[in-house]
1. Which semi-axes, in whole Å and largest first, does the equivalent ellipsoid of the range B:94-236 have when worked out from the alpha carbon gyration tensor as the square roots of 5 times its eigenvalues?
2. Pop the C-beta distance of residue A:226 and residue A:19 into the FRET formula with R0 = 35 Å and round what comes out to the nearest 0.05.
3. Any chance you could give the angle, 0 to 90 degrees and rounded to 10, that helix B:132-141 forms with the longest Cα principal axis of chain B?
4. Taking only C-alpha pairs under 8 Å that are 6+ residues apart, what is the relative contact order of the range A:80-155 in percent?
5. Pairs of alpha-carbon atoms within less than 8 angstrom and 6+ residues apart define the contacts here; what relative contact order does the range B:1-93 have, in percent?
6. If one takes the longest principal axis of the Cα atoms in chain B, at what angle in degrees, from 0 to 90 and to the nearest 10, does the Cα axis of helix B:244-270 lie?
7. For the Cα atoms of chain A, what angle does the longest principal axis make with the long axis of helix A:164-177, in degrees from 0 to 90, nearest 10?
8. If you build a Gaussian network model of chain A, linking Cα atoms that sit under 10 Å apart, which residue out of A:204, A:257, A:109 swings the most?
């Protein structure tokens, strides 16, 4: 049996298809402006990688910001629940999850697979991936490279601003003074880590700590967070898929709860056409 | 017969005034544009040029602002809050509450009858609570900052922004443009968002009349109008709301010099150097 989990984030959309034992395939794509139709496309891509059709998928769970816009999902589950399940499957000893997304960041406290506490910032860009995007733009460096570059710094610049806009200004000022890009980036990662940490410590950071989301792919940010936290953190090999993975795991659990007849009915009644579901012309 | 220079070197604009015996002789304003030294020299030249004085005629310099350390002459550094209060008092002596909307900060200052600071509240950590957010949206809409006020007054339905962060607001503004919202409505919505922030600060301080608004924000007629409506108070705008800090710097440094002189004379007369 195959199970699918979709995580429609504000910046990136992820799909995981797994069977009873392992993850079979993953697809990761930028969400862009039209996420309703992307869900179909990305699902089809994942299926074609495995030479499967939609009929082969027993159960589909959707999560993330855009989860209500997945007409073919059998169930919608919150991001926190999915992240928790995904991390728990990968690293059962994790007690604190720090999820760093493009437009928000979250702190999730778990105990024995149950949610204990939760904190989120989606109000201030400085504690999110957006902060790093803005600065990498200004420096003319690719976002995927800034982490590595920052590790080459020998003397991190002190970035005093708490605000993304003012930090951008400070960056320009430092550049005009001749400060190296590595040093500036090191300082910027420290500032970002600082904002994220001051949010997460409200739920008390306890071992083991895992970092997920796009921010986890940035080695400079992970190191900066480790410094603030005071002990090493766990970074999943593919940090973006923990939500979709959790969704797929929940999909597998759901099939055990319902009978075969109901399962078959669900599969037959799945609505694959995003456009007809909304009964309107596509927006793009 | 001393000629005093007052400087206010801000992140967006550098301002200079020349005063003599408590009278304003001239002023100069220039964009700082990341090069403070150049802006300082420019405004000094402008102010001096209007009075036919030279730098050598200047007895004292008082200065405030982010870029003050770049001043290439000896000067006395004074806090911005003190300068703004004194300067505004000079132009509008009835001021009791000053709302200053600068490029990187917003301040609400309570001022006594003597022009001294009774209390103050400053927001300088977040771009969305200052003039900076106006600049950001002006860039998105491709309008001149100085036209924002007039444009907003033509708004029929101000856009409601859902975020309090300048970075996310910029994204929202771009989305609204893509959806076809008019510039006028977007700017009006922005003014409302900024006003709500200031109003929250004002609520904590309490507004005592006369209320005066200064800084770059005061030149934005649309912003001032929305603020008056939201705060329920008339907001007086000085003739030149940008130079209040520089005026205050000049006045305060003059007083300092007078006090220093008094101490000197006292020491000479009594032979006491305490």
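What follows draws every value from the coordinates through simple rules; no lab data is involved. Keep in mind that this is a model prediction, so the values were computed, not measured. Here Cβ is always computed from backbone atoms with ideal geometry, including for glycine, and neighbour counts include all displayed protein chains.
1. Details: eigenvalues 151, 42, 29 Å².
Taking √(5λ) for each Cα gyration eigenvalue gives 27, 15, 12 Å.
2. Values: r = 35 Å, r/R0 = 0.99.
Efficiency at R0 = 35 Å is approximately 0.50.
3. 40
4. On the way: 86 pairs, mean separation 15.2, N = 76.
Once normalised by length, the contact order is 20 percent.
5. On the way: 168 pairs, mean separation 25.8, N = 93.
In percent, rounded to a whole number, it is 28.
6. Computed tilt is about 20 degrees.
7. With rounding to tens, the tilt is 40 degrees.
8. A:257
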